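Peer 1: Attaching a single structure in structure tokens format; questions to follow.
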Amino acid sequence: MKKVFKNILLGHFLLVICSFIILLLSFDINDANSTQINNNTNNIPVKRPLNLFNLEESADTIFNLVQKIGAKPVANIKKTRLKKNENLSAALKRINYENYHINKIINSIRKLNKGHKILSSLPVGMMIHYSKPSSITGAALKLNYTKTKDIFVWQDINDTYNSQVFLRPTRMEETLIKGVIKSNLYISALKSGMPENTLLEMISLLGFSIDFQREIRSGDSFEVLFTKKIDALSDLVTETEPIKYVSMNLSGKKLIFFNYKDKFGLPQYYDENGKSSKRTIMKTPINGARLSSRYGNRKHPILGYTKMHRGLDFAAPSGTPIFAAGDGVIEKAGWNGSYGKYIRIRHTGTYKTAYAHLSGFNKNVRVGKRILQGKIIGYVGSTGRSTGPHLHYEVIKNNIQVNPMKIKLPAGKNISKADFNNYKNHIEKIINLKIVLEKSNRNNKIAINNHNMSKKLILN
Ligand SMILES: [Zn+2]
């Protein structure tokens with residue numbers, strides 16, 4: 001009787017010692033983490049999506065998992081990464097696990113749902129946290145085998161091996177990135193900390209308005225607001241949500257777009273006035289004109305023989321205003337042989353439009369100048385090889401004239417009048433969020449500077 005009591009006492013004593021060791025070690029780890037400067041701008045609690053597998057949340061250290069799950073105490077946690085051409089058994093052998101334990105561990109993982117598949121597809125470089133079994137401590141492994149999941153393998157009080165999949169906790173972080181272009185938008189954006197998929201998103205949504213090949217100058221600046229999904233254990237970005245707000249300052253000209261979901265729930269982008277970011281090219285860049293000659297083969301009215309007509313002719317009185325068919329940059333404005341007085345606008349890297357036989361140019365039209373869709377660029381005339389006043393209009397795709405009637409550019413719908421108040425409220429929220437983030441970015445910078453300052457003081 002006395003002997004049993006003594007054994008229980010000894011057991012308790014050992015447990016207390018173990019707990020003490022664990023406590024000491026976990027303090028150590030916490031301290032190592034606390035030196036990280038938190039760049040969080042705005043943390044929003046994550047509403048966890050309905051989890052079909054009912055996975056529990058993972059923890060940052062094996063200690064915490066052991067406590068959570070009630071496993072045999074562990075000590076002396078180490079980590080390694082799965083090497084190339086190495087399976088889990090080989091990795092465990094490399095870190096001096098005994099075969100007996102390796103087999104138990106592998107069998108335990110095999111029993112998991114799709115365990116065989118998991119074991120055969122563990123990624124190279126996978127982080128393995130481990131504690132080796134000893135007479136008083138249990139074996140424990142934490143495998144970060146996907147972006148979102150960990151496998152935890154542990155020995156319980158009876159030394160039996162168990163495995164369970166845990167979901168890694170995430171947090172959402174609103175992020176505002178500002179940058180100035182030094183030589184190249186791509187490099188400058190990545191340097192400013194923009195994730196690559198966000199950058200590609202930005203380029204595709206601004207592509208209707210900006211010719212990235214030619215219009216970007218050193219000193220131009222950009223701002224992007226979006227939400228990052230971050231692995232709360234590793235602090236790494238695992239996903240990004242669609243851009244909420246983007247602005248680009250091109251030599252003083254500012255483009256701004258806000259994300260707003262259309263009736264199908266898809267993200268679309270509009271400017272402050274509700275105009276869609278998706279611009280098409282006007283098929284008829286003139287008012288009150290009659291289409292007098294279509295695109296295609298025709299008998300040339302002056303030359304007399306059949307010739308391909310690579311544009312549209314609009315008959316209109318001399319002096320009738322001609323509009324820019326889309327936003328773009330004036331590439332040519334002047335005399336151009338048989339075209340007479342001629343204007344060419346470059347809209348994107350792909351599309352250009354040309355206007356011929358003009359009587360004159362608008363005074364604002366100069367080569368290299370940006371022009372907005374619908375602005376008057378010149379007036380109908382009969383200059384060059386022409387039989388009477390008309391506009392000869394061409395759409396040029398990759399430097400080849402195409403039929404303007406057949407171009408299919410996505411034309412975005414603008415915000416409807418009925419929805420405009422909702423839209424205004426929506427963008428006001430985004431603007432307010434941006435102001436909050438600007439403040440917090442500034443505070444972070446001050447905090448980081450102060451941190452560095454105090455470091456220097458200590459060093460001195
Ligand atoms: Zn023509």
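The values are calculated or read from the model by the stated rules, or taken from the named source; none is laboratory data. Just so we're clear, the structure is a prediction, and the values are computed from it rather than from any experiment. Please note: Cβ atoms are built from the backbone with ideal geometry, for glycine as well, and neighbour counts cover all protein chains shown.
Peer 1: Looking at residue 157, is it surrounded by fewer than 18 Cβ atoms within 10 Å (Cβ to Cβ) and either free of Cβ contacts under 8 Å to residues at least 24 places away in the same chain or within 21 Å of the chain's Cα centre (by Cα) (or both)?
Peer 2: Here the answer is no, as residue 157 does not meet what is asked.
Peer 1: So how many residues does region 102-151 have that are surrounded by fewer than 17 Cβ atoms within 10 Å (Cβ to Cβ) and in a strand (DSSP E or B)?
Peer 2: Residues flagged as surrounded by fewer than 17 Cβ atoms within 10 Å (Cβ to Cβ) and in a strand (DSSP E or B) within region 102-151 amount to 2.
Peer 1: Taking residue 443 and the conditions (1) out of contact with any Pro (no Cβ under 8 Å at 6 or more places or on another chain); (2) surrounded by 13 or more Cβ atoms within 10 Å (Cβ to Cβ), which numbered condition does it fall short on, given that it satisfies the others?
Peer 2: If we test residue 443 against (1) out of contact with any Pro (no Cβ under 8 Å at 6 or more places or on another chain); (2) surrounded by 13 or more Cβ atoms within 10 Å (Cβ to Cβ), just (2) comes out false.
Peer 1: Only residues that are of a type in the set (Ser, Thr, Tyr) and closer than 24 Å to residue 236 by Cα: list them for region 127-148, please.
Peer 2: 130, 145, 146, 148 - these are the residues of region 127-148 that are of a type in the set (Ser, Thr, Tyr) and closer than 24 Å to residue 236 by Cα.
Peer 1: State all residues of region 258-297 that are farther than 17 Å from residue 201 by Cβ and hydrophobic (A, V, I, L, M, F, W, C); if no residue qualifies, say none.
Peer 2: 264, 281, 282, 286, 289, 291
Peer 1: A further question on this structure: Being on the phi > 0 side of the Ramachandran plot and modelled with pLDDT of 75 or more is the filter here, so list the residues in region 261-314 that pass it.
Peer 2: Hits for region 261-314 are 265, 274, 296.
Peer 1: If you scan region 396-423, which residues turn out to be modelled with pLDDT of 90 or more, exposed (fewer than 12 other Cβ atoms within 10 Å of the Cβ) and under 27 Å from residue 355 (Cβ atoms)?
Peer 2: Matches in region 396-423: 398, 399, 400.
Residue-wise test of (1) under 21 Å from residue 349 (Cα atoms); (2) within 14 Å of the chain's Cα centre (by Cα).
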position	(1), (2)
147	no, no
176	no, yes
194	no, yes
207	yes, no
227	no, yes
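Peer 1: Let me ask another. Looking at region 312-403, what strands (runs of 3 or more DSSP E) fall wholly within it and have at least 1 residues that are of a type in the set (Val, Ile, Thr) and within 16 Å of the ligand (Cβ to nearest atom)?
Peer 2: By residue number, 321-323, 341-346, 351-358, 390-397, 400-402.
Peer 1: For residues that are without any contact (Cβ under 8 Å) to a residue 60 or more places away in the chain and touching a strand residue (DSSP E or B) at 6+ places or on another chain (Cβ under 9 Å), scanning just region 299-311, find the one that is nearest to the ligand (Cβ to nearest atom).
Peer 2: Restricting to residues being without any contact (Cβ under 8 Å) to a residue 60 or more places away in the chain and touching a strand residue (DSSP E or B) at 6+ places or on another chain (Cβ under 9 Å), the top hit is 309.
Peer 1: Still on this structure: With respect to residue 357, is the statement that it is touching a Gly at 6+ places or on another chain (Cβ under 7 Å) and either assigned by TED's automatic domain parsing to the domain that holds residue 217 or free of Cβ contacts under 8 Å to residues at least 40 places away in the same chain (or both) true?
Peer 2: Criteria met by residue 357.
Peer 1: So which residues in region 223-239 are free of Cβ contacts under 8 Å to residues at least 24 places away in the same chain and either in contact with a strand residue (DSSP E or B) (Cβ under 6 Å, 6 or more places away or on another chain) or assigned to a strand (DSSP E or B) (or both), if there are any at all?
Peer 2: 239
Peer 1: A further question on this structure: Looking at region 245-267, can you tell me whether even one residue there is farther than 26 Å from residue 326 by Cβ and within 13 Å of the chain's Cα centre (by Cα)?
Peer 2: So far as region 245-267 goes, no, none of its residues is farther than 26 Å from residue 326 by Cβ and within 13 Å of the chain's Cα centre (by Cα).
Peer 1: Go through the residues of region 240-250 one by one and say whether even a single one is assigned to a strand (DSSP E or B) and under 30 Å from residue 167 (Cα atoms).
Peer 2: Yes: region 240-250 contains one or more residues that are assigned to a strand (DSSP E or B) and under 30 Å from residue 167 (Cα atoms).
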